[in-house]
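The values are calculated or read from the model by the stated rules, or taken from the named source; none is laboratory data. Computed from a prediction, not measured in an experiment: that's the story for all the values here. Methodologically, a virtual Cβ is constructed for each residue, glycine included, from the backbone with ideal geometry; neighbour enumeration extends over all protein chains shown.
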Amino acid sequence: KTSEEKDDEKVKGEGGGEGPGSDKILARACSVPDGYFAVATDNKELILWKTTPTWKHISTRTVARRCTALVFTFKGDAILAADKSGDVYSFSVSDPEAPGTLLLGHLSMLLDIAIKDDDSFLITCDRDEKIRISHYPNTHSIYGYCLGHTEYITALCLSPYPDGVLLSGGGDGTVRVWDWLRGKELHVEHLAKFCGELKDNKPPVVSKLVCNWVGKLVAVVVEGLDSVILFKLHTEVAPRLDAQLIESNPLPCKGKVWDVAFDCNGYLWVAQAVKDNTVQVYKYMPSCRPLMCVSSQEHFVDITTAINSDWDFFQSSLGEDTMYSGLYKKHFDNLTPYFERKEERM
């Protein structure tokens with residue numbers, strides 16, 4: 001076997017092979033209007049709950065391969081699951097026992113998935129630096145590609161307005177803004193200047209990318225960093241769509257940032273590796289930099305106190321390895337040794 005094949009097998013072994021798994025959660029998604037929540041586990045199960053009026057287990061289904069990302073359609077009628085073999089399957093919500101239906105496939109591991117707010121396009125990204133735009137539900141019809149990343153792509157964020165703006169981040173240490181309808185790159189932001197010296201001199205890896213489209217605030221999590229990188233997204237729609245990221249003050253945290261998310265009201269929720277302060281809530285105010293912590297306010301104090309009191313649950317995530325380091329492809333220089341041997345013979 002070639003070294004490249006062995007390297008790929010190593011990546012598959014990190015949660016992507018066919019060996020026995022665990023209950024470790026690999027991906028999750030929620031459908032807020034319909035009150036559904038889904039997770040994909042390391043033992044190749046897709047579990048669906050109804051969250052309103054009370055939590056109720058709906059189904060547990062088997063997936064073909066371990067999942068990397070989940071998303072609900074905006075109609076709420078299906079869960080779309082991307083996996084490590086490069087395939088996307090659709091699972092019915094209304095028929096909880098129905099098996100998945102194959103929608104599309106890449107030649108490389110899929111790492112994230114997004115869907116347009118009218119369910120007309122499906123956007124996928126993979127280990128081979130490609131962003132693909134496919135028509136939905138007729139995903140055999142490929143609309144186009146967004147090409148520009150030089151390493152694997154880990155995160156996608158699709159704008160509902162203005163139509164056509166897509167953000168992406170990955171293992172090349174950049175966040176990129178696209179006019180995906182034209183397949184054109186509008187802006188590149190290099191993250192190394194925010195990160196200092198990182199392990200093994202590798203580029204910063206974007207592990208999460210979320211946007212508050214009302215306030216045009218973009219939050220970026222870099223693997224291993226103890227702060228959240230923030231940008232303001234400036235867009236113009238005339239005479240042609242254009243966009244750029246404007247730096248904002250980073251949000252310092254007390255430990256490694258695990259995850260971030262904006263809620264429906266634009267508040268930023270941050271999960272960090274800190275006992276008693278694992279989850280914090282922040283509000284963006286133009287006059288307040290960095291963001292203002294509102295975790296102790298009446299609206300949030302009950303839920304943050306309940307979450308932060310369960311450190312035993314979060315502690316199991318300390319020291320967990322991610323798959324990102326194994327996604328870099330090894331490049332081999334076969335010519336230099338050849339010419340050296342040739343010089344010796346001469």
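Where strands (runs of 3 or more DSSP E) sit wholly within region 21-76, those with at least 2 residues that are surrounded by fewer than 21 Cβ atoms within 10 Å (Cβ to Cβ) and modelled with pLDDT of 95 or more occupy 25-31, 36-41, 45-50, 56-62. Can you confirm whether residue 242 is out of contact with any strand residue (DSSP E or B) (no Cβ under 8 Å at 6 or more places or on another chain), surrounded by 15 or more Cβ atoms within 10 Å (Cβ to Cβ) and farther than 24 Å from residue 270 by Cβ? Judged against the criteria, residue 242 is not a match.
Cβ separations smaller than 7 Å between residues 6+ apart or across chains give the following pairs from region 278-296 residues that are under 15 Å from residue 260 (Cα atoms) to residues that are modelled with pLDDT under 90 and among the hydroxyl-bearing types (Ser, Thr, Tyr): 291/284. Here residue 304 meets the list (1) under 20 Å from the mean Cα position of the chain (by Cα); (2) assigned to a helix (DSSP H, G or I) almost entirely, failing just condition (1).
Filter region 79-108 for residues that are among the charged types (D, E, K, R) and outside any strand (DSSP E or B); which is surrounded by the most Cβ atoms within 10 Å (Cβ to Cβ)? In this case the residue turns out to be 84. Quick check on region 160-173. Is at least one of its residues over 22 Å from residue 270 (Cβ atoms), of a type in the set (D, E, K, R) and either in contact with a helix residue (DSSP H, G or I) (Cβ under 8 Å, 6 or more places away or on another chain) or outside any strand (DSSP E or B) (or both)? Yes.
Among the residues of region 285-307, some residue qualifies, meaning at least one is loosely packed, with under 10 Cβ neighbours inside 10 Å, hydroxyl-bearing (Ser, Thr, Tyr) and more than 28 Å from residue 68 (Cα to Cα). Checking each residue in region 252-272 for being in contact with a strand residue (DSSP E or B) (Cβ under 6 Å, 6 or more places away or on another chain) and in a loop (DSSP other than H, G, I, E, B) picks out 253, 255, 266, 267.
Considering region 193-242, the residues that are free of Cβ contacts under 8 Å to residues at least 40 places away in the same chain, of a type in the set (A, V, I, L, M) and touching a Leu at 6+ places or on another chain (Cβ under 8 Å) include one that is nearest to residue 283 (Cα to Cα), namely 229. Within the set 152, 136, 143, 161, the sole residue that is hydroxyl-bearing (Ser, Thr, Tyr) and more than 28 Å from residue 85 (Cβ to Cβ) turns out to be 161. Against the list (1) under 24 Å from residue 258 (Cβ atoms); (2) among the acidic types (Asp, Glu); (3) part of a strand (DSSP E or B), the condition residue 197 fails is (3). Answer with yes or no whether residue 118 is surrounded by fewer than 22 Cβ atoms within 10 Å (Cβ to Cβ) and either in contact with a strand residue (DSSP E or B) (Cβ under 8 Å, 6 or more places away or on another chain) or assigned to a loop (DSSP other than H, G, I, E, B) (or both). Taking the combined requirement at face value, the residue satisfies it.
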